[in-house]
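The values are calculated or read from the model by the stated rules, or taken from the named source; none is laboratory data. Because the structure is predicted, anything quoted here is derived from the model rather than measured. Cβ atoms come from the backbone with ideal geometry, glycine included; neighbour counts cover every protein chain shown. Surface areas here come from the heavy atoms of the whole protein model, side chains and all, with no ligands, DNA or RNA. Shrake-Rupley method; radii C 1.70, N 1.55, O 1.52, S 1.80 Å.
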Amino acid sequence: MGCIQSFRQCCDRPKNTNVRISLPAVCFVWQIAMIILFGIFIRYDQQSDAHWIEYRKSQNISSDIENDFYFRYPSFQDVHVMIFVGFGFLMTFLKRYSFSAVGFNFLIAAFGLQWALLMQGWFQSLDPMDGKIKIGMESLINADFCVASCLIAYGAVLGKVSPVQLMVMTLFGITLYAVEEFIILNLIHARDAGGSMVIHTFGAYYGLSISWMLYRPNLDRSKRLNGSVYHSDVFAMIGTLFLWMFWPSFNSAITNHGDGQHRAAINTYLALASTVLTTVAISSLSQKAGKLDMVHIQNSTLAGGVAVGTAAEFMLMPYGSLIVGFCCGIISTLGYIYVTPFMEKYLKIQDTCGIHNLHAMPGVIGGIVGAITAAAASEGVYGKEGLINTFDFKGDWKDMVPTRQGGHQAAGLCVALCFGVGGGIIVGCILRLPIWGDAPDDNCFDDDLYWELPEDEESIPPILEYNNHMQNRDATESDFSMEQSQN
Amino acid sequence: MGCIQSFRQCCDRPKNTNVRISLPAVCFVWQIAMIILFGIFIRYDQQSDAHWIEYRKSQNISSDIENDFYFRYPSFQDVHVMIFVGFGFLMTFLKRYSFSAVGFNFLIAAFGLQWALLMQGWFQSLDPMDGKIKIGMESLINADFCVASCLIAYGAVLGKVSPVQLMVMTLFGITLYAVEEFIILNLIHARDAGGSMVIHTFGAYYGLSISWMLYRPNLDRSKRLNGSVYHSDVFAMIGTLFLWMFWPSFNSAITNHGDGQHRAAINTYLALASTVLTTVAISSLSQKAGKLDMVHIQNSTLAGGVAVGTAAEFMLMPYGSLIVGFCCGIISTLGYIYVTPFMEKYLKIQDTCGIHNLHAMPGVIGGIVGAITAAAASEGVYGKEGLINTFDFKGDWKDMVPTRQGGHQAAGLCVALCFGVGGGIIVGCILRLPIWGDAPDDNCFDDDLYWELPEDEESIPPILEYNNHMQNRDATESDFSMEQSQN
Amino acid sequence: MGCIQSFRQCCDRPKNTNVRISLPAVCFVWQIAMIILFGIFIRYDQQSDAHWIEYRKSQNISSDIENDFYFRYPSFQDVHVMIFVGFGFLMTFLKRYSFSAVGFNFLIAAFGLQWALLMQGWFQSLDPMDGKIKIGMESLINADFCVASCLIAYGAVLGKVSPVQLMVMTLFGITLYAVEEFIILNLIHARDAGGSMVIHTFGAYYGLSISWMLYRPNLDRSKRLNGSVYHSDVFAMIGTLFLWMFWPSFNSAITNHGDGQHRAAINTYLALASTVLTTVAISSLSQKAGKLDMVHIQNSTLAGGVAVGTAAEFMLMPYGSLIVGFCCGIISTLGYIYVTPFMEKYLKIQDTCGIHNLHAMPGVIGGIVGAITAAAASEGVYGKEGLINTFDFKGDWKDMVPTRQGGHQAAGLCVALCFGVGGGIIVGCILRLPIWGDAPDDNCFDDDLYWELPEDEESIPPILEYNNHMQNRDATESDFSMEQSQN
């Protein structure tokens, strides 16, 4: 602990936020690297290659509609919207950080998905015949999932890091994700359709650990900007709603064809509905006069979707989903009220978006719910074939039983936690180096550092006055509006 | 009439808008009730149960792609967007009621869809074997439809009711909906794919009747807030466009597989396109200088989708859809110009969003168009099997003929009207009780009653001045900005 | 050139922006014409007609899921969102032109798609048996595509034309589009799945030529309004993101079932991701202090989707897509920095949204990439059947070879260019007539000309002051707020 503190101090030099060399360099070099690696490794899979028509006939597949594209594409597009509009707009709530919220989210997601295709490909779909990675629709969904974990981590450090730091954070985040995903899904054989463990738990603890390493004792110098205005809160609701509405697609996107996707969508739909009511209840209870807090509505309403992720494809039962959502709405909202201030004050973790309440706690709950549901599975409920199908008790795992599967689920959760915390601390150290162009303490949460900002709305003068004025003197618009306000 | 008036007066006591007890109580109790009822009654259906794989083989279904999920899911997600983003953002047009518009819309929809799954299940899909309700994708779409009727009703009372009242209104609204839907679709055997009658006509008259019961003679005391600002109108256009774009999914979501869904989408697409042109024409004609009114563009452009709802799955023909849209654009826009002010002045019905023009009149037109189109159906146009398939002339109804079907359609419309008006009056009485925490007359349309609001945008001072100021005196931000504006 | 200049001058009379007669007249007359023409010509196709059930059985089609609806509908809805929300919101960036951006986009798209169904139908799907046009889902997608070219053209003249001019521009644009599309796709047999040539190149040069004909030497009199404010830039990001996310659906919407749609989506996804990184790099390099420019992020990030349009369905390979995106991000962003100012100053082309950088240049690149990729196609890469299937070497074209196909692709690009430039000049002449109600030079980019605008946000007074004030004097709200600001 002491050494971490002293490392922190040695890194605290005056800040230079100019990223004119570093940002273009990172973007160019990494993108060129992607092109080269894609050239060496990545090819179309059987379903998206022009040989599909021959493959189809050889396999006696009756119709093009059985191409995996038609099973996955609608869900893929919904997930895609969640990544770019959902996460992007959810973070626009700050009064002067909307450009960075939605813009940097865009940047790191666009980079991350390319790197994810490579990393996940190497670990999971390398073709032993020719050493190539074969990609199809499911790969794109998995890449989007992988990116989601880094966007979650962005929520913890929102407003405090530079775009270059975000790129570095994403590079390592994706790498760590691919490793822990391989361990959890392939080695441990845990099931995690909606990623409560591999996406949310990992991503949230990764972000929180980084935020801990980047702790800013004087962050309150920027507190004038660490809040919302009326319209920025409405923008954030766009993000909330698109996340909320499309979460059933998120949790069902890569589950089994047929009943798997169907059931995952239903469970998620119900869990989310239940969360909304308990979030509203706790939010209203927590304020004098019973007024609601937009922060809770924007975030805690989503906790049910996180928590039902692992178990969404299991026979959780509709009432089970409601119960999970019910609990998570309460816990997540209480988290915003009590845990976030506590963490900032005593644990030195500054969590801008409250991802601990939205992703970390519900993610852990989701892992536990998944373990319990898996352990309780029986042939009576699933049917003989259904059990094998749902838990993939095939091949090497054909002797697995539900109770042991429950243990493996719990082991998976621990792996996700370790990777999140461990990886976050290491990456946080790297990001603390004073070379990344992050903001000084009195200028956090400010788009002005990294964006050319338009002038303020108040500077739209009425046309007549404006033109008269322009004739009298050759003043610039900004001079003009300043003068006007002085009169 | 007299007794209604005196009941109104006896309810008019000073208002207390504190909902700190009532709102959490309602949310918790009702959500717990949902969990219990779901536990007793609701199970997965054949298509979403883990036994699907066995069922599929036993039924000789060749592929998972024939799971109903793949027929319905894309439409379901579009409908879901309409419910939460469409209706929610459509109502954000008021300058200081955007939080409530989108937030309470979220709350009541999340509650409503749970209650709708139960109510519709009891009436329509109770399994006689085990007394359980079996839910699948079509149930979720129907639940969303059911919720839509309550959100339409919300439009009439927007800004004038508390969230607790909205919850009560939704509870009764869903209940009434399930009953009238059962009568119209099952007992009368009317067809109503897009819900012109069961959703729009019922929902609109339900809301208007409630608004009539809650008439506020002194509402003009709040008129400073009963209007839009520039950016709130742009937010509302998000709602308008998502409703407009996804309406083809709404009308085709639960129609027959194959040509039924295909035709319903085409008809709706065309009707909506036609409506836009006549709305613009009438809006421009109605203002001096030919300027357009955003209220018309936001609302009347959608009337064609409502009016084509019932007939969307019939052989309405492309030009028929255009004609329906053409007429509804005119009628709806004229409604905003003439009927809404008339209703407020003479009928004592205050209709904040103008749902009479967007849902009530087009809904009735839709019912009539449906009746005519059904009555005019012939084997020549539909084909023998097509006629049976489209109108479901099977089982008990195998001797039905198109002309009689037309009569049944008209009967269905009357039922929807009666349930809307009757139910609305009764529920309006209940909502008039002075215990629900609604706003006083001079504070309607104000988020401040139920939401913790952020400070105004004007309070973002430039950093240098701010920091100097902070050194000189220990003023709060709000003190500071007030002072500044006085200088 | 001289005659064009003198024609311009003869048209420059004082402007009257009142469209109260012309706009409603155009809307009504054209919509009625649509109804009549639809009545004469347009019917449902085999897949959406009620006879489908009989057709299905006669053709031995095993399931309703093979109706084309299920192959195309999710993509159609995504394209629909791009047309109305994507293009509409992308143009809301101007501080006081958001209503017109999203509203007129709505109007002309709704008209255009009807006219496109007719024009494309006459050229491409007229049934020789009965002289009717048979429409289905693919027709609706094609109509949306056709509309896209006119919305691109709108981008060049944004803020400078009246709604009546836009309607005229759309009428001619759709007509020209249908002709050039028929020549390129049917006569020349070029392939253009995502429309790099037929949509983007044509649309952009059409718009630029019109803008050249409508050159306003004194446009800088409106420069106070030709810029963004903070929140209008965030609104524009909604448009950007929905275009970006759904572009894979755009490029894959009408490609071959199966691998064609699958591959087109993957290629587009990758090209767009790559574009984001190079756009950010160039944008940061171009500004002192390395700050990013929202104009670039909003527009140039989309260039990769345009440029990969033609080749999206070919075996472009994942790394090929990345390379295309890489180059287009650079070229497009440099275009905003150097080419747009150059074009305005020296070529007299005022391009409000910079469509030359977003659509014209990337469109031409897309055509070239398509030609090269087609010429390089081989049986080794595509397989024998795959080659025939992908390039449609069937029927009259069964002797075609890839190298010749490459030449045909290049010829197609030239046709698109000629139609764009030629058509734009002619239509520009027509639009220069002083009868269309366009804005005077000192009032461009102003919603106030065509819209009833709400009062400003500053006029929301606090309730207490307001009510006191109202008791003292009977002032209107606007009086009141003026007074207050004078104190």
For segment A:159-252, the Debye formula with one identical point scatterer on each Cα and no solvent gives log10 I(q)/I(0) at q = 0.14 Å⁻¹ as -0.79
Ordering C:ARG216, C:ARG221 by how much accessible area each has at a 1.4 Å probe, largest first, what is the list?
C:ARG221, C:ARG216
√(5λ) per eigenvalue of the Cα gyration tensor, segment A:87-227, largest first, Å
31, 15, 12
How far is A:ALA25 from itself in the other copies, in nm, if each label sits 7 Å out from Cα along the Cα-Cβ line, shortest first?
6.5, 6.5
Given the peptides B:408-414, A:287-293, arrange them by the average over their residues of other C-beta atoms within 10 Å, most packed first.
B:408-414, A:287-293
Can you give the local net charge around B:VAL164? Use residues other than it whose beta-carbon is closer than 14 angstrom to its beta-carbon, Lys and Arg +1, Asp and Glu -1.
+4
Any idea what the alpha-carbon Rg over 2.2 N^0.38 Å comes to for segment C:123-175?
1.45
Can you give the translational diffusion coefficient of the protein assembly as shown in µm²/s, computed by Stokes-Einstein from the Kirkwood radius over Cα pairs at 20 °C and 1.002 mPa s?
66
Helix B:230-252 vs. chain B, principal-axis angle (Cα, 0 to 90°, nearest 10):
10
Using a 7 Å Cα-to-Cβ projection, C:THR403 label spacings across copies, nm, ascending:
7.2, 7.2
Can you tell me the dipole magnitude for segment C:395-453 around its Cα centre, using point charges on the Cβ only (Lys, Arg +1; Asp, Glu -1), in Debye to the nearest 20?
780
Using a 1.4 Å probe on heavy atoms of the protein chains only, the accessible area for B:TYR205 in Å², nearest 10, reads 50
Dimensionless Rg ratio for segment A:312-466, taking C-alpha atoms and the 2.2 N^0.38 Å reference
1.62
Quick one: in chain A, whose Cβ comes closest to the A/C rotation axis, and how close in angstrom?
A:PRO74, 3
Shielding by other protein chains, A:97-109, mean Cβ within 10 Å:
4
Can you tell me the Rg and Dmax of segment A:30-75, counting just the alpha carbons, in angstroms?
14.5, 43
Placed amide H near A:LEU292: partners under 5 Å, 5+ positions off or other chain
B:TRP451, B:GLU452
Lys/Arg Cβ at +1, Asp/Glu Cβ at -1, dipole of the protein assembly as shown taken about the Cα centre: which of C:LEU158, A:THR170, B:ILE238 is farthest positive-ward?
A:THR170
So how do C:323-329, B:62-68, B:163-169, B:103-109 stack up, highest first, on mean other-Cβ count within 10 Å?
C:323-329, B:103-109, B:163-169, B:62-68
Once the Cα atoms of helix C:477-486 and of chain C are each reduced to a long axis, what angle between those two axes, in degrees from 0 to 90 to the nearest 10, is obtained?
70
Averaged over the residues of C:293-302, the number of partner chain Cβ atoms within 10 Å of each residue's own Cβ comes to 2
Take the Cα coordinates of segment C:139-298, assign each an equal point scatterer, and use the Debye formula without solvent to give log10 I(q)/I(0) at q = 0.10, 0.19 Å⁻¹.
-0.48, -1.36
Only bridges whose two residues both fall in the protein assembly as shown count here: according to DSSP, what percent of them are antiparallel, nearest 5?
25
Kirkwood Rh, Cα atoms: Rg over Rh of chain C
1.02
Rel. contact order, % - alpha carbon contacts under 8 angstrom, at least six apart, chain B:
23
Calculated from DSSP helices alone, with each H run of at least 4 adding -39500 (n - 2.57) and the total divided by the residues of chain B, [θ]222 nm to the nearest 500 comes to -20000 deg cm²/dmol
So between C:LYS394 and C:LEU126, what do we pick up on full extension, going 0.36 nm a residue minus the alpha carbon distance?
94.4 nm
Between copies, how far does the label point of A:ASN186 sit from its twins, in nm, shortest first, when each point is 7 Å from Cα along Cα→Cβ?
5.2, 5.2
Answer in debye to the nearest 20: the dipole magnitude of the protein assembly as shown about its Cα centre, from +1 Lys/Arg and -1 Asp/Glu charges placed on Cβ, is 360
Within 10 Å, count the other beta carbons around each residue, average over each peptide in B:231-237, A:111-117, B:433-439, and list them highest first.
A:111-117, B:231-237, B:433-439
Please compute, over every Cα-Cα pair in segment A:148-201, the percentage with a separation greater than 17 angstrom.
40
Filter A:LYS95/C:LYS223; B:LYS57/B:LYS394; A:LYS134/C:LYS398; C:LYS291/C:LYS345; C:LYS95/C:LYS223; C:LYS15/C:LYS95 down to the pairs with a C-alpha to C-alpha distance above 21 Å, please.
A:LYS95/C:LYS223; B:LYS57/B:LYS394; A:LYS134/C:LYS398; C:LYS291/C:LYS345; C:LYS15/C:LYS95
Compactness of segment A:198-263 as Cα Rg over 2.2 N^0.38 Å, two decimals:
1.67
Other chains near C:221-228: what is the mean number of their Cβ atoms within 10 Å of each residue's Cβ?
3
Calculate the dipole size of segment C:156-269 relative to its Cα centre from +1 charges on Lys and Arg beta carbons and -1 charges on Asp and Glu beta carbons; express the result in debye to the nearest 20.
460
Helix B:361-375: inclination vs chain B longest Cα principal axis, degrees, rounded to 10, gives 10
